[in-house]
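> This is the structure I want to talk about, given as structure tokens.
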Amino acid sequence: MSPPLSYPALKLVLEYLDVKKRYHITSRNSVLQKIDHLIPLRAGNLIIWKDSTVSLDDLEYSAEYINWKTNMEVNKVFKILKAKAKLMKKYLEGRPNIQVDHVSFYYVKSYSQVPLKLNLISNKLEAFCCSDFRIFLPMIDSRSFPLKKLKLTQEESIDVDHPVVHTAEDVIFQFSRENELFKDIEKLQREKLIIQNIMRGNVDAVRIIKDWMKNGREIGTEYLLCFSSNVWIQQMFRDIEREFNEFRNNLNGINVRYVINKNYFQFVLFNRFLNRKPRFSIPMSTASNIIIFGTEIQAKDGTVYQLVLKVVST
């Protein structure tokens, strides 16, 4: 018979064990339960859906079982489900922290809606159609910052002047409907930014360009404004042409063929300037210009049209 695992060995085994397997093993062993909360819990993805569901990799918690107060509760099956949900809630909420690569919130409008209050150390934070990403920050341990990636999809309000936005390695903003203007985006002090799925009335590119001309930006600053439809980018080009027509420029010598971060568009290439669309070179200072051009890429989900705003040296 092989000797039992030492505590250091057992700690390593539990720490890197699949989340669901670890939960099932420790919940059935009183000895492991005494040390489990001292060992970091690691996971790839945490998804919180509205006020009802939390998924940690393959382990899923449903608040609906906890809140059931109907006659169904007399049914033995539902009693078991409710008891399991309570145990899982205690297991996850009682941990000093959970180390997870990617945390996603969907349609959560307030902190009180979050079904489980967890302590998270994370690399990436995503909020989809939530009221404000700041309501989730109490759940994110300070060791998570700066984030490797922050993705916000058309929240009711986005505070661009926030340290989390300023310091994240990659920031992506995304829209889900028309005529929702992204206010104060020109105030964002970032070198790199991607805005996806832009439609009518979402982004005022002219305002961004004017702010750069007035207040300046570092050489290398680059914003990628992405559109799923050629119609939307045409409208933005018309607005820019109306305001900056005197600065039209063929941008001869500008190479638009380079690899874009694979986290955004599945490792695709810029291939050429967008056909029959104007290009611009606008003086920003004696040492730098703002160049503006369109291009298209073939992403995983189809063609993406991009308006590129970039600060280059003269």
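The values are calculated or read from the model by the stated rules, or taken from the named source; none is laboratory data. Since this is a predicted model, take the numbers as computed values, not measurements. Backbone-built Cβ (ideal geometry, glycine too); neighbour counts: all protein chains shown. To get the accessible areas, we keep the full protein, side chains included, count just its heavy atoms, and leave off ligands, DNA and RNA. Shrake-Rupley method; radii C 1.70, N 1.55, O 1.52, S 1.80 Å.
> Name the most mobile residue of Gly201, Gly253, Gly216, meaning the one with the largest mean-square fluctuation, in a Gaussian network model of the chain with Cα contacts below 10 Å.
Gly253
> Here is a follow-up. Charges on Cβ only, +1 for Lys and Arg, -1 for Asp and Glu, centred on the Cα centroid of the chain; of Leu152, Phe244, Thr53, which one is farthest towards the dipole's positive end?
Positive-end residue among those listed: Thr53.
> Here's something else I'd like to know. Can you give the Rg and Dmax of region 10-159 based on its C-alpha atoms, in angstrom?
16.2, 49
> Quote the charge dipole size of region 10-159 about the Cα centre in Debye, to the nearest 20; the model charges only the Cβ of Lys and Arg (+1) and of Asp and Glu (-1).
660
> If the limit is 25 Å between Cα atoms, which of Lys84/Lys149; Lys117/Lys187; Lys82/Lys148; Lys34/Lys90; Lys50/Lys192 go over it?
Table pairs above 25 Å Cα-Cα are Lys84/Lys149; Lys117/Lys187; Lys82/Lys148; Lys50/Lys192.
> Sticking with this structure for a sec: For a distance above 24 Å, tell me the whole-number percent of Cα pairs in region 177-313 that qualify.
25
> Let me ask you something else. So for Asp58, Asp211, what's the accessible-area order with a 1.4 Å probe, most first?
Asp58, Asp211
> Let me ask something additional. Place a +1 charge on the Cβ of each Lys and Arg in the chain and a -1 charge on the Cβ of each Asp and Glu, then give the dipole magnitude about the Cα centre in debye, rounded to the nearest 20.
Computed charge dipole of the chain: roughly 840 debye.
> In debye, nearest 20: dipole of region 177-313 around its Cα centre with unit charges on the Cβ of K, R (+) and D, E (-)?
The dipole of region 177-313 has a size of about 240 debye.
> Tell me the mean residue ellipticity at 222 nm calculated for the chain from its helices only (DSSP H runs of n ≥ 4, each -39500 (n - 2.57), averaged over every residue, nearest 500).
-7500 deg cm²/dmol
> For the chain, max minus min Cα coordinate along each principal axis, in Å, sorted largest first?
Principal extents (Cα only, largest first): 79, 50, 33 Å.
> Residue farthest toward the positive end of the dipole of the chain, with Cβ of Lys/Arg at +1 and Asp/Glu at -1: which of Ala299, Leu181, Ile140?
Of the listed residues, the answer is Ile140.
> From the C-alpha gyration tensor of region 107-243, pull out the three semi-axes of the equivalent ellipsoid (sqrt of 5λ each), sorted largest to smallest, in whole Å.
After diagonalising the Cα gyration tensor, the semi-axes are 29, 18, 11 Å.
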